[in-house]
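Asks: For reference, the structure I am asking about is given below.
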Amino acid sequence: MIQAKAYANHSPTDLLKPFVINRRSPKPNDIVIEIAYCGICHSDIHTARGEWGPTAYPFVPGHEIVGKVIEVGKKVKRFKRGDLAGVGCFVDSCGKCANCKSNEQQFCDHTAFTYNSTELDKVTPTYGGYSSHITIKDQYAYKIKKGLPLDRVAPLLCAGITTYSPLKRFKTKKGSKVGVVGLGGLGHMAVKIAKAMGAEVTVFSTSPGKEQDAKKLGAKNFILTSNPDNFVPYEGKLDLIIDTVSAQHDFSLYMSTLKKAGTHVLVGASPEPNHVEAMALIFGRKSLTGSLIGGLKETQEMLDFCAKKKVLADIELVPASRINEAYDRTVRGQVKYRFVIDAKTL
Ligand code: NAP
Ligand code: ZN
Ligand code: ZN
């Protein structure tokens with residue numbers, strides 16, 4: 001057993017506080033990672049606060065994990081001591097079902113998610129990356145290239161793959177017109193990745209103060225959503241919308257900016273039901289769909305794409321003692337654009 005320092009909360013209204021967890025000693029196919037940084041995803045907050053349904057407490061959040069491999073099991077070939085490794089939103093899956101075989105482990109019937117889940121034994125709780133160490137089967141960890149600022153790589157493990165996957169699935173390429181709704185952690189990665197794929201990007205935001213940043217991140221257009229008139233010049237212009245909003249909203253106006261047969265993809269997972277007018281889909285035969293992170297192969301592909309294109313997250317590095325403050329600022333839309341925890345401070 002490895003005793004790891006962590007941060008956890010114990011009820012939906014509890015703050016996150018120091019906590020000690022046990023990580024398993026490495027089995028033949030495991031590696032042990034000394035965590036350097038972990039991003040703060042809004043999903044961590046939804047789960048810590050029980051907004052998506054019951055959470056298994058004590059809860060240790062974090063699924064944007066990067067660090068150094070400090071131990072390797074006897075059978076591990078992909079990693080050696082001293083390598084850099086990343087862990088995303090799941091740590092295991094059955095490996096046998098159709099979804100595992102098609103490299104979409106996130107949809108496996110038995111996925112062991114990185115937190116608020118159990119290992120495949122259905123008993124052992126999983127704890128996330130707000131911790132000093134993690135033990136994981138080497139096949140479920142990602143290779144991270146040396147020479148990159150690791151703290152800015154961490155958010156790729158969730159915010160990066162969650163936006164890369166639908167951008168790629170809907171064939172974003174040079175000249176594609178992509179809308180991004182919400183400029184937070186996922187939204188700012190969507191802007192950067194869509195731009196790196198060659199798209200012209202339009203940001204929809206509730207925050208007037210984010211216009212300059214949106215343009216610096218690579219967006220061509222900025223629509224302040226508080227005034228419906230601002231949508232009118234963009235009607236029928238976009239191929240694809242990536243909607244990253246974390247709270248209840250109405251999709252209809254956004255969908256008016258799609259071309260015929262355009263697609264609005266939800267990645268934001270508002271705990272409350274949302275609203276959409278039937279006519280927003282019927283006229284123009286538009287589609288509304290969703291997307292969940294990405295599988296092992298696609299996540300590694302995204303990391304390699306981002307390394308090649310020099311796409312990194314814009315972050316604010318915080319010590320563990322400021323996690324609760326970072327949560328509140330994220331909920332208020334005041335994150336620029338991802339909080340990342342320095343694991344040394346746990
Ligand atoms: P975030 O950093 O808090 O960003 C969300 C952004 O949405 C905010 O910055 C804000 O942008 C906008 N927003 C917030 N409240 C709003 C409201 N009431 N109406 C309209 N816009 C609002 O969160 P995140 O970490 O990017 O995560 C976003 C969502 O994606 C969360 O629900 C998270 O759980 C989910 N998620 C899903 C997946 C998946 O696989 N599908 C993966 C990761 C995260 P503006 O200030 O620009 O308006
Ligand atoms: Zn996440
Ligand atoms: Zn499976």
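Asks: Would you kindly derive the ³J(HN,Hα) couplings of region 194-200 from the backbone phi angles with the Karplus curve 6.51 cos²θ - 1.76 cosθ + 1.60 (θ = phi - 60°), listing them in order in whole Hz, with x for Gly and Pro?
Replies: 4, 4, 5, 7, x, 7, 9
Asks: Per residue, how much accessible area does region 159-290 show when a 1.4 Å probe rolls over the protein heavy atoms, in square angstrom?
Replies: The answer is 43 Å² per residue.
Asks: Taking a ≥ b ≥ c as the square roots of the eigenvalues of the Cα gyration tensor of region 257-346, is the shape rounded (a/c under 1.5), prolate (a/b larger than b/c) or oblate?
Replies: oblate
Asks: Taking the highest mean first, how do the peptides 321-330, 75-84, 262-271 order by number of other beta carbon atoms within 10 angstrom per residue?
Replies: 262-271, 321-330, 75-84
Asks: ³J(HN,Hα) across region 85-94 via Karplus (A = 6.51, B = -1.76, C = 1.60, θ = phi - 60°), whole Hz, x for Gly/Pro?
Replies: Calculated HN-Hα couplings, in order: 9, x, 10, x, 8, 9, 10, 6, 7, 5 Hz.
Asks: At 7 Å along Cα-to-Cβ for each site, give me the label-to-label distance between Lys309 and Ser25 in nm.
Replies: 4.5 nm
Asks: How high is the relative contact order of the chain, in percent, with contacts defined as C-alpha pairs under 8 Å that are six or more residues apart?
Replies: Value for the chain: 18 percent.
Asks: Here is a follow-up. Give me the percent of the accessible area of the chain that comes from carbon and sulfur atoms, probe 1.4 Å, all protein chains in place.
Replies: Result for the chain: 54 percent of the exposed heavy-atom area is carbon or sulfur.
Asks: List, in order, the whole-Hz ³J(HN,Hα) value for each residue of region 202-212 obtained from phi through the Karplus relation with A = 6.51, B = -1.76, C = 1.60 and θ = phi - 60°; use x for Gly and Pro.
Replies: So the J values, rounded to whole Hz, are 10, 9, 9, 9, 8, 10, x, x, 9, 4, 4.
Asks: Which far-off residues, 5 or more places away or on another chain, put their amide H under 5 Å from the one on Glu71, with H placed in the peptide plane?
Replies: Sorted by chain and number, the residues that satisfy this are Val32.
Asks: A follow-up question, please. Quick one: order Asp304, Asp44 from most to least accessible surface, probe 1.4 Å.
Replies: Correct descending sequence by accessible area is Asp304, Asp44.
Asks: Search the structure for amide H atoms under 5 Å from the amide H of Asp92, placed 1.01 Å from N in the peptide plane, and list their residues when 5 or more places away or on another chain.
Replies: Ala112
Asks: How big is the dipole moment of the chain about its Cα centre under a simple scheme where the beta carbon of each Lys and Arg is +1, that of each Asp and Glu is -1, and everything else is neutral? Debye, nearest 20, please.
Replies: Once rounded to the nearest 20, the dipole reads 1520 debye.
Asks: Accessible area per residue, 1.4 Å probe, Å², for region 1-132: what's the number? Provide the component values of the computation, followed by the final result.
Replies: Values: 6010 Å² over 132 residues.
Per residue, region 1-132 has 46 Å² of solvent-accessible surface.
Asks: Using only alpha carbon pairs under 8 Å that are at least six residues apart, calculate the relative contact order of region 159-290 and give it in whole percent.
Replies: Result for region 159-290 is 21 percent.
Asks: Taking 37 °C and 0.692 mPa s as the conditions, I'd like the Stokes-Einstein D for region 159-290 in µm²/s, using the Kirkwood hydrodynamic radius from alpha carbon pairs.
Replies: On the way: Rh = 14.3 Å.
Answer, rounded: 230 µm²/s.
Asks: Same structure again: Roughly how many Å² of Met279 are accessible to a 1.4 Å probe, to the nearest 10?
Replies: 120 Å²
Asks: Okay, which of region 279-300 sit inside 12 Å, backbone N to the point 7 Å along the Cα-Cβ direction of Ser252?
Replies: Of the residues in region 279-300, 279-282 have backbone N under 12 Å from the label point off Ser252.
Asks: Could I ask something else about it? Taking the DSSP beta bridges in the chain as the whole, what percent of them are antiparallel, to the nearest 5?
Replies: Working: 33 of 60 bridges.
Rounded to the nearest five, the antiparallel share is 55 percent.
Asks: Residues with beta-carbon under 11 Å from that of Ala219, excluding Ala219: net charge, scoring Lys, Arg +1 and Asp, Glu -1?
Replies: Numbers: positive: Lys192, Lys195, Lys210, Lys215, Lys216, Lys220; negative: Glu200, Glu211, Asp213.
Charge balance in the 11 Å sphere: +3.
Asks: Provide the net charge surrounding Arg338, with neighbours chosen by a C-beta distance below 11 Å and charges set as Lys +1, Arg +1, Asp -1, Glu -1.
Replies: Within the 11 Å Cβ shell, the charges total -2.
Asks: On to the next question. Between Val123 and Lys146, how high is the FRET efficiency from 1/(1 + (r/R0)^6) when r is the Cβ-Cβ distance and R₀ = 45 Å? Nearest 0.05.
Replies: 0.75
Asks: Amide H of Tyr57: which non-local residues (sequence gap of 5 or more, or other chain) have their own amide H closer than 5 Å, using H built in the peptide plane?
Replies: Those qualifying (amide H under 5 Å, at least 5 residues apart or on another chain) number zero.
Asks: Relative to the longest principal axis of the C-alpha atoms of the chain, give the angle of the C-alpha long axis of helix 159-169, reported between 0 and 90° and rounded to the nearest 10°.
Replies: Roughly 50 degrees, rounded to the nearest 10.
Asks: Turning to a different aspect of this structure: What does the convex hull of the Cα atoms come to per residue for region 1-145, in Å³? Kindly include the intermediate steps, with their values, before the conclusion.
Replies: On the way: hull volume 16.1 nm³, N = 145.
Per-residue hull volume (Cα only) is 111 Å³.
Asks: Provide the three semi-axes, in whole Å and in decreasing order, of the ellipsoid equivalent to the chain as defined by the square roots of 5 times the Cα gyration tensor eigenvalues.
Replies: Listed largest to smallest, the semi-axes of the chain are 34, 21, 19 Å.
The values are calculated or read from the model by the stated rules, or taken from the named source; none is laboratory data. Given the structure is predicted, the values throughout are model-derived calculations rather than measurements. Counting neighbours? That spans all protein chains shown, and the Cβs are built from the backbone with ideal geometry, glycine included. Protein only, heavy atoms only, side chains kept; ligands, DNA and RNA dropped before computing areas. Shrake-Rupley method; radii C 1.70, N 1.55, O 1.52, S 1.80 Å.
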